[in-house]
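To keep things clear, I will list the structure first and then write my remarks on it.
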Amino acid sequence: MPVRGYNRIYIRLWLILLLIAPIGAAARTLSNESPADRQTIHALYIPLADHYAAVVAYERYHKQMIHADFQIEQMKNWDLLRAYFLSGEVDMAYVMSPLAMDMYNNKPFFRWVGLMHRDGNALAINDLLNQQVQLSPLRNSRKPDAKVADALKQSYRETGQATEIGVPHLLSTHTVVLYRYLKEQGGRLSLNPSTAAEVLAIAVAPPASPVFLRSKSNRALPAAFEQSLPWADVVETGGFGHVAWYSKDVMPWPHGHVECIVLATDRAIADKFEAIREVMYYIQRAGEDIEQARREGGDALDPIIDIIRKYIPAHTRKAIIASLDPELGVINYQHLNVDKPGLRQIMDLAVEGGILQAPVDIDVFADTRFGTPENAATR
């Protein structure tokens, strides 16, 4: 009897252990994948169509990430983003390429790891300029021909004053696009009031650009802004401005010109490599989500619009739909791997136009290890 009793106790203990073991294993699995054990990837963005893939990636996928505790923080303007990123307190930032290269020339403690989008900015003009330009009612017919440049030249001849055109930052791709357009049309761009030119580029925060255009119109002054989407669409759909042309037509490039790029600090790359790679994968996946939704349109686009408006409520539904119009194709979220020749195109024009004071060594600046075969670009 004692032996049989001992066997019964042993069998019971063995069964209990069998039941407990899977629970312990599951608990360990959950612990290994819990947010507390993921590595924080703190990224900075600006409320622009340029960065839609970041907010979609965060909203849809940050809970699915295994290696990264992905966090995004919206900055009010580019100078704040620049200062915060250069403080070394964050891991990643999404930055216009000339500004990023200038930051690198001043403090090279980070690398370029991918793109946020391609193309994506536009020139908007006020009614006073459009009286002479007479834009086509069809947006896809509006091209960077001589009409806007001629209107700017005529205004300069009549008044002796440069027309102010707002750009998000003097060190922006937008300034480079504007420089190239004017150069090709025999016009001049100045970055300071003391230099004679038909156009004076001034820094205007993207959300303030519609007010900038309206205030100039109220004073009967010609004005324009060259900004990221959807701000040109905001003034067009709002009825107080006109999209004159899109940057994709000024800067033609395979898959679309380089614009905002993704930066990651050297320390984050060294200590959080898999986490950064995971974030880049999901940004590209979010870009694919946006592209699929815009192709399908209708109800398929509504979830994307809802996500964008949750994080960037200043972007109206009409403006978002206009910006993502597949017929126009004026911004895209494909081929987001590092594109060295594409960046060189921007850099060379920026240096030529005095926008960027010195070039960078792109081979050193770029880290190509974060691309994906599914979204491959020219390297």
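Those residues that are surrounded by fewer than 17 Cβ atoms within 10 Å (Cβ to Cβ) and touching a Pro at 6+ places or on another chain (Cβ under 9 Å), I need them from the stretch 160-196; list them, please. Glu184 - this is the single residue of the stretch 160-196 that is surrounded by fewer than 17 Cβ atoms within 10 Å (Cβ to Cβ) and touching a Pro at 6+ places or on another chain (Cβ under 9 Å). Yes or no: Arg309 free of Cβ contacts under 8 Å to residues at least 60 places away in the same chain, out of contact with any strand residue (DSSP E or B) (no Cβ under 9 Å at 6 or more places or on another chain) and in the same structural domain as Glu73 (by TED's automatic domain parsing)? Yes; evaluated as a whole, the condition is true for this residue.
Taking the conditions exactly as written (modelled with pLDDT of 95 or more and either over 22 Å from Val258 (Cβ atoms) or in contact with a Phe, Trp or Tyr (Cβ under 9 Å, 6 or more places away or on another chain) (or both)), does Leu48 satisfy them or not? Judged against the criteria, Leu48 is not a match.
Of the residues examined, Ala268 is one that is at pLDDT 95 or above and touching a Phe, Trp or Tyr at 6+ places or on another chain (Cβ under 9 Å). Of all the listed residues (Glu33, Glu59), the sole one being under 30 Å from Ile290 (Cα atoms), among the acidic types (Asp, Glu) and modelled with pLDDT under 50 is Glu33.
Of all residues in the stretch 159-205, those that are acidic (Asp, Glu) and out of contact with any Lys or Arg (no Cβ under 9 Å at 6 or more places or on another chain) total 1.
Restricted to strands (runs of 3 or more DSSP E) entirely inside the stretch 106-217, those with at least 3 residues that are farther than 19 Å from Ala232 by Cα are 110-115. The set of residues in the stretch 139-179 that are among the charged types (D, E, K, R) and in contact with a helix residue (DSSP H, G or I) (Cβ under 6 Å, 6 or more places away or on another chain) comprises Lys143, Lys147. Going by the structure shown, is Glu259 at pLDDT 95 or above, in contact with a His (Cβ under 7 Å, 6 or more places away or on another chain) and not assigned by TED's automatic domain parsing to the domain that holds Val56? So Glu259 fails the test. Among the residues of the stretch 215-227, at least one is among the aliphatic types (A, V, I, L, M) and within 26 Å of the chain's Cα centre (by Cα). When Ala83, Ala100, Ala93, Ala151 are checked against the criterion of being buried (at least 21 other Cβ atoms within 10 Å of the Cβ) and within 25 Å of Ala314 (Cα to Cα), a single residue qualifies: Ala93.
Go through the residues of the stretch 315-327 one by one and say whether even a single one is outside any helix (DSSP H, G or I), out of contact with any Phe, Trp or Tyr (no Cβ under 8 Å at 6 or more places or on another chain) and crowded, with 20+ Cβ neighbours inside 10 Å. Yes, because at least one residue in the stretch 315-327 is outside any helix (DSSP H, G or I), out of contact with any Phe, Trp or Tyr (no Cβ under 8 Å at 6 or more places or on another chain) and crowded, with 20+ Cβ neighbours inside 10 Å.
The values are calculated or read from the model by the stated rules, or taken from the named source; none is laboratory data. Keep in mind the model is a prediction, meaning the values are calculated, not measured. Ideal geometry is used to build each Cβ from the backbone, glycine not excepted, and the neighbour counts take in all protein chains shown.
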